[in-house]
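Enquirer: This is the structure I want to talk about, given as structure tokens.
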Amino acid sequence: ANGVPSDKITVIQNGIDAENFSLGQPSAAELTLGFIGHLGKHKGLDVLLHALSLMDASRVRLLVVGTGEDAEWLQTFCHERGLDPYVRFVGHVENHLIASIYQQIDVLVVPSVWPENSPVTITEAMASGIPVIASEVGGISELVEDGVTGYLIPLRDSLAIAERIGRFLARPELLKAMGERALAKIQAYPMQQQVERIVDVY
């Protein structure tokens, strides 16, 4: 679209060491959502929090991992909307411990409001057998297949996020089915293979 010859373009997905991640066990009692990323406006955490305020949040828990300039404002946002009992801010988690976070969540939510390229959190969730609800923006749709490995939602659409969360609540079996398909898809991008493909291009 911008004039670069198509025969000079090669798309190589980021690789991942899938063996560093293991499958979590979905909770039967409640649905645990995860947000992992910088706490800044471009990541859209406020869109997700607004989604929770539109539904019966008593059936879900949200684990927020990350730090950023909007942390205090986002925590105030939760307090003002009565979400404190359902949202836990855990702050920064070292990369070598991040696999343990995926063990605690059932669905990763990536509500970004800017054009992400290829979010590492999505590939990590897929390697953990976890479905993803994400904004249909940038390169996200190259990873998340709508209705197959998760759900794609319009930009800044809190109502759509709430509705997709509701689908998982109504049909818990979707967690396992979509998670298995996500895991199968990410197996195609082992780190060593993707590194070799980049080297071949150079």
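The values are calculated or read from the model by the stated rules, or taken from the named source; none is laboratory data. Just so it is clear, the model here is predicted, and its values are computed rather than measured. Using ideal geometry, Cβ is built from the backbone for each residue, glycine included, and neighbour counts are taken over all protein chains shown. Surface accessibility is based on the protein's heavy atoms, side chains included, excluding ligands, DNA and RNA. Shrake-Rupley method; radii C 1.70, N 1.55, O 1.52, S 1.80 Å.
Enquirer: Within region 1-21, take every residue that is charged (D, E, K, R) and either loosely packed, with under 10 Cβ neighbours inside 10 Å or free of Cβ contacts under 8 Å to residues at least 12 places away in the same chain (or both) and give me the one that is nearest to ILE186 (Cα to Cα).
Expert: GLU19
Enquirer: Moving on to the next point. Would you check if SER118 is of a type in the set (S, T, N, Q), under 16 Å from the mean Cα position of the chain (by Cα) and outside any helix (DSSP H, G or I)?
Expert: In short, yes.
Enquirer: Could I ask something else about it? Step by step: first the residues of region 47-95, then only those that are under 28 Å from ASP17 (Cα atoms) and of a type in the set (S, T, N, Q), then the one that is most open to solvent (accessible area, probe 1.4 Å). Which residue is that?
Expert: The qualifying residue most open to solvent (accessible area, probe 1.4 Å) is ASN95.
Enquirer: Tally time: how many residues in region 101-110 are within 8 Å of the chain's Cα centre (by Cα) and over 10 Å from LEU143 (Cβ atoms)?
Expert: Initial filter on region 101-110 (within 8 Å of the chain's Cα centre (by Cα)): 107-110.
Among the residues that remain, those that are also over 10 Å from LEU143 (Cβ atoms) are: 107-109.
Selection size over region 101-110: 3.
Enquirer: Is there a residue being assigned to a helix (DSSP H, G or I) and under 16 Å from GLU19 (Cβ atoms) anywhere in region 127-144?
Expert: Looking for residues that are assigned to a helix (DSSP H, G or I) and under 16 Å from GLU19 (Cβ atoms), one finds at least one in region 127-144, hence yes.
Enquirer: I would also like to ask the following. State the number of residues belonging to region 141-151 that are over 17 Å from LEU169 (Cα atoms), of a type in the set (A, V, I, L, M) and open to solvent by 10 Å² or more (accessible area, probe 1.4 Å). Walk me through how you get there before you give the answer.
Expert: Kept after step one, since they are over 17 Å from LEU169 (Cα atoms), are these residues of region 141-151: 141-146.
When the remaining residues are screened for being of a type in the set (A, V, I, L, M), the result is 143-144.
Remaining after also requiring open to solvent by 10 Å² or more (accessible area, probe 1.4 Å): none.
The number of residues fulfilling the criteria is 0.
Enquirer: Check GLY138 against each of (1) open to solvent by 30 Å² or more (accessible area, probe 1.4 Å); (2) at negative phi and name the one condition it does not meet.
Expert: All conditions are met except number (2).
Enquirer: With the structure loaded, tell me whether ARG171 is over 19 Å from ILE186 (Cβ atoms) and loosely packed, with under 15 Cβ neighbours inside 10 Å or whether it fails that test.
Expert: So ARG171 fits the description; yes.
Enquirer: Are any residues in region 99-114 touching a Pro at 6+ places or on another chain (Cβ under 6 Å) and in a loop (DSSP other than H, G, I, E, B), and if so, which ones?
Expert: ASP106 - this is the single residue of region 99-114 that is touching a Pro at 6+ places or on another chain (Cβ under 6 Å) and in a loop (DSSP other than H, G, I, E, B).
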